[in-house]
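One structure is given below, encoded as structure tokens.
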Amino acid sequence: MDYLPRTGQGRAPDVFERGGWMPMREYRDDEAVDFAIVGAGAGGSTLACKLAEAGFSVVVLEAGPFWRPLEDFASDEEAQQQLYWLDERLTSGADPIALGGNNSGWGVGGSTVHFSMISLRFRPEWFRSRSLLGYGVDWPLSYEEMAPYYEEAERALAISGPLRYPWGPPHRRYPYREHEMNAAGLVLARGAERMGVAWSAVPLATVSAPRGKSPPCVYRGFCNFGCSTNAKQSALVVWIPRALRAGAEVRDLAMAGRIELHANGLASGVHYRRSGQWRFQRARNVVVAGYAIETPRLLLNSSCPSFPQGLANRSGLVGTHLTTHAGPGVWARFDEEIRWNKGPPNMAVCEHWNYTDDGKDFAGGYAFMSQGPLPRAWAQLVATSRQLWGGRLREAMLDYNYMSGLVAVAETEPRPGNRVILADERDRHGLPIAHVEFSYSDNDRRMQEHARRYMGRMLEAAGGKDPWTSEDTSHILGTCRMGDNPETSVVDSIGRSWDVRNLWICDGSLFPTSGGVNPSLTIQALACRIGDRIRTLSARGEL
Amino acid sequence: MNTNARYPGYDVLAKWDSPSFDDSTRRVLGRRLDDVPPRRFLSEAEWDLLEAVNRRLLPQPDRLEPIPITPWIDAMLMENLGEGFRHPDMPPLRECWRLGLAALADEARCRHGRDFTALDAAEQDVLLQALAVQDVRSPQWQALHPERFFTHWLLKTAAGIYYAHPWAWSEIGFGGPASPRGYVRLGFDSRDPWEARAGKAKDPG
């Protein structure tokens, strides 16, 4: 399908109205803006909002379209593949990661447009995982430094969550009440209670009561394919309208190809392609927020005489230490009707193995959640995991309304050989495409085996029959890690490049370790913190 | 197999004019139901071969009018729009399908001295299963990985297309599109009046 840019001529789409517009400030290409931000996902949208509200001039370049959910999002898995990054990439290694689907995003809002809305904080100790837990690497900042920004993100997204979350330090109550639990979540609850471990309603970024122009969630269950009612508090409906009101400009269908380095050693702007034309946006600062594949790809594609191995890559670490969340799954049939397509796909969670350090044969942690795949994705999982086809596939699919399952979000180890490099092949813009290499470590495998066994026991405790397992991954992180030392990290604790001081990174690439929970809340909290720190530095004249 | 056995009388499309369907969804599903694309990319022989394969991957003897699969693969190839990634040992999308279908055709000739389309259903199934377990004879598989082609291209694609069709949703009792109405009853054995009613709820089938 062909998409046309929507922003321009002083206006941007109003996401809350069919065919609606809102005013947008615009900047000329040759006008050096304070910040050019590449990518309008969880990191870029949040930072654009924070910086614009702090009075900076901001231009956001987003490779994909600017959606209006009410008119663009069908209740249909197939049509909504449009939300993914479908330009070709290569994937290899002993355990090649499936790309292009739920671990990618294309369009304003990025993958928050189709994410599961799971909004969990990191376990505090993970910020010191090497020092306190003996694995991975320490972050250059503490949970205590992150806590106020977690709270800011939770308020901004009006998280609907339980009165008391059973894991982690106490924090302010979630702004909205938790959602009614669906049967798929009640399966997890029943199994957990029979095994004597805690479970909880997932804190979710979809509202349980009206909020502004967002109506309460109606439990239609197509959350992973875009929310057609705007109940979901994605970056597209939360941060972007705020950013626009504060004077940011968003350019949709604008693919960044190269960051230009000036002779003074600072970035001078971004080359980008829009409507078939290569253009150059001048900027005093450049922020890369393209997520953990496109961010290192852009830096590697921006190599220049001063940085022959890739821009801001004196450490040689750009693209390396890629982590993902392994997603081992267990599925079983129940006597009751579950009808797991109703409600958000992941309503119940068990973080027992994130917060328990004893009795493990692996380092790191994992959470697991109840599931609600829709028929297309479910059929593909059944067919490829069980090698079922023909009449046996159709028979197995008849159990759709009786199935339930658990899938883990399991931390993988950051290792240098898991990485993003450039391929010889070029994309439709003429840019070298990304090649992702990934293999699990022995520890990663032990963790997944543990998760499969444990989740299998829980499903059976809940009454599940004929369990079987599947493999998957979700989220891609860590390819431009933050740290305290320019030798062992790409950027500092506020995402500022050690090598190019007006170049910043603000997305999941920053994560030194991936933790055992979904990353979006942490990305948004990091972006809030980076925005605050930039304002402080600017006030001190230290930008 | 009787298509209506599990949820007799249930038809997702009966909700077309109800609050469960919105305009965007009607637009998309209208195309899927009424605008099945003609052959544009594949050759006639490739099309016939793929159609024979799809009839084994998703046999539909119970339907007078089968859910179309091959036309949507042809359309995908015409638009050159894949999943956004591939293993470096696999060629790009269009080439991969062309080479894979050619190798599959050659596999049938190596084994039986006949075209795949001339084999009976049982012979076709045995041949497809051989791809799944990488027990292949045609030298043409040197160009691509037979199991990856079978599982992640042929099977995954066909399964995705079949279960993206409203008739398949009715078959498995899926509620289907639900915007703006959504659902109200979320617990165990809870069904909104606009959901499928199981004929024999406790029968595992």
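The values are calculated or read from the model by the stated rules, or taken from the named source; none is laboratory data. Source: prediction; values computed, not measured. In this analysis, Cβ positions are derived from the backbone assuming ideal geometry, glycine residues included, and neighbour counts consider all displayed protein chains.
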- Does residue A:440 satisfy the condition of being of a type outside the set (Lys, Arg), surrounded by 16 or more Cβ atoms within 10 Å (Cβ to Cβ) and either touching a Gly at 6+ places or on another chain (Cβ under 7 Å) or assigned to a helix (DSSP H, G or I) (or both)? no
- Query: Among the residues of the stretch B:38-58, is any exposed (fewer than 13 other Cβ atoms within 10 Å of the Cβ) and within 13 Å of chain A (Cβ to nearest Cβ)?
  - Reply: no
- Message: Restricting to the stretch A:390-405, give me the number of residues that are crowded, with 24+ Cβ neighbours inside 10 Å, at the interface with chain B (Cβ under 7 Å from one of its Cβ atoms) and touching a residue at least 60 places away in the same chain (Cβ under 8 Å).
- Response: 1
- Task: For residue B:196, indicate whether it is in a loop (DSSP other than H, G, I, E, B), surrounded by 17 or more Cβ atoms within 10 Å (Cβ to Cβ) and facing chain A (nearest Cβ under 9 Å).
- Result: yes
- Residues being buried (at least 24 other Cβ atoms within 10 Å of the Cβ) and in contact with a helix residue (DSSP H, G or I) (Cβ under 9 Å, 6 or more places away or on another chain) - total across the stretch A:250-284: 4
- Task: Working only within the stretch B:124-183, note down all residues that are facing chain A (nearest Cβ under 9 Å), outside any helix (DSSP H, G or I), touching a Gly at 6+ places or on another chain (Cβ under 9 Å) and not small (Gly, Ala, Ser).
- Result: B:183
- Query: Quick one: is residue A:118 among the β-branched types (Val, Ile, Thr) and more than 14 Å from the chain's Cα centre (by Cα)?
  - Reply: no
- Note on the structure: Those residues of the stretch A:74-108 that are closer than 21 Å to residue A:325 by Cα and of a type outside the set (A, V, I, L, M) come to a total of 15
- Item | Filtered residues of the stretch A:414-428 (kept if surrounded by 20 or more Cβ atoms within 10 Å (Cβ to Cβ) and over 14 Å from residue A:298 (Cβ atoms)) | A:414, A:418, A:419
- If residue A:413 satisfies every condition in (1) more than 10 Å from chain B (Cβ to nearest Cβ); (2) over 20 Å from the mean Cα position of the chain (by Cα) but one, which is the exception? (2)
- Out of the stretch A:209-241, which residues are closer than 14 Å to residue A:118 by Cα and more than 13 Å from every other protein chain (Cβ to nearest Cβ)? A:224, A:233, A:234, A:235
- Item | Members of the stretch A:169-189 found to be assigned to a loop (DSSP other than H, G, I, E, B), under 30 Å from residue A:332 (Cα atoms) and not aliphatic (A, V, I, L, M), listed by number | A:178, A:179, A:180, A:182
- Query: From the list A:131, A:142, A:116, which one is buried (at least 16 other Cβ atoms within 10 Å of the Cβ) and not aliphatic (A, V, I, L, M)?
  - Reply: A:116
- Query: Given the residues A:97, A:118, which is the only one that is within 11 Å of chain B (Cβ to nearest Cβ) and of a type outside the set (D, E, K, R)?
  - Reply: A:97
- (1) under 30 Å from residue A:337 (Cα atoms); (2) of a type outside the set (Ser, Thr, Tyr); (3) within 14 Å of chain A (Cβ to nearest Cβ) all hold for residue B:27 apart from (1)
- Message: Let me confirm something: among A:449, A:460, which residue is touching a strand residue (DSSP E or B) at 6+ places or on another chain (Cβ under 7 Å), over 28 Å from residue A:294 (Cβ atoms), away from chain B (no Cβ under 13 Å) and acidic (Asp, Glu)?
- Response: A:460
- The listed residue being loosely packed, with under 15 Cβ neighbours inside 10 Å, over 30 Å from residue A:99 (Cβ atoms) and among the charged types (D, E, K, R), out of B:120, B:125: B:120
- Query: Hey, among the residues in the stretch A:329-344 that are of a type outside the set (A, V, I, L, M, F, W, C) and buried (at least 24 other Cβ atoms within 10 Å of the Cβ), which one's nearest to residue A:404 (Cα to Cα)?
  - Reply: A:339
- Note on the structure: Of the residues in the stretch A:40-66, those that are charged (D, E, K, R) and in contact with a strand residue (DSSP E or B) (Cβ under 8 Å, 6 or more places away or on another chain) come to A:62
- Could you tell me which numbered condition residue B:109 fails, if it satisfies all but one of (1) among the charged types (D, E, K, R); (2) within 12 Å of chain A (Cβ to nearest Cβ); (3) farther than 13 Å from residue B:143 by Cβ? (2)
- Consider only pairs whose beta carbons are under 6 Å apart and that are at least six residues apart or on different chains; among these, list those whose first residue lies in the stretch B:114-143 and is farther than 22 Å from residue A:384 by Cα and whose second residue is polar (S, T, N, Q) and assigned to a loop (DSSP other than H, G, I, E, B). none
- Conditions: (1) within 14 Å of another protein chain (Cβ to nearest Cβ); (2) crowded, with 20+ Cβ neighbours inside 10 Å; (3) not aliphatic (A, V, I, L, M). Residue A:178 meets all but one. Number of the miss? (2)
- Note on the structure: Of the residues in the stretch B:18-31 that are under 18 Å from residue A:229 (Cα atoms) and charged (D, E, K, R), the one that is surrounded by the fewest Cβ atoms within 10 Å (Cβ to Cβ) is B:23
- Message: For the stretch A:204-215: of the residues being in contact with a Phe, Trp or Tyr (Cβ under 9 Å, 6 or more places away or on another chain) and surrounded by fewer than 24 Cβ atoms within 10 Å (Cβ to Cβ), which is nearest to residue A:182 (Cα to Cα)?
- Response: A:208
- Query: Hey, does the stretch B:3-18 have a residue that's in contact with a helix residue (DSSP H, G or I) (Cβ under 6 Å, 6 or more places away or on another chain) and at pLDDT below 95?
  - Reply: yes
- Task: Pull up the stretch A:285-312, narrow it to residues that are polar (S, T, N, Q) and buried (at least 23 other Cβ atoms within 10 Å of the Cβ), then point me to the one that is farthest from residue A:112 (Cα to Cα).
- Result: A:302
- Message: Give me the helices (runs of 4 or more DSSP H) completely within the stretch B:1-110, filtered to those with at least 2 residues that are farther than 30 Å from residue A:97 by Cβ and aliphatic (A, V, I, L, M), ordered by residue number.
- Response: B:23-34, B:44-57
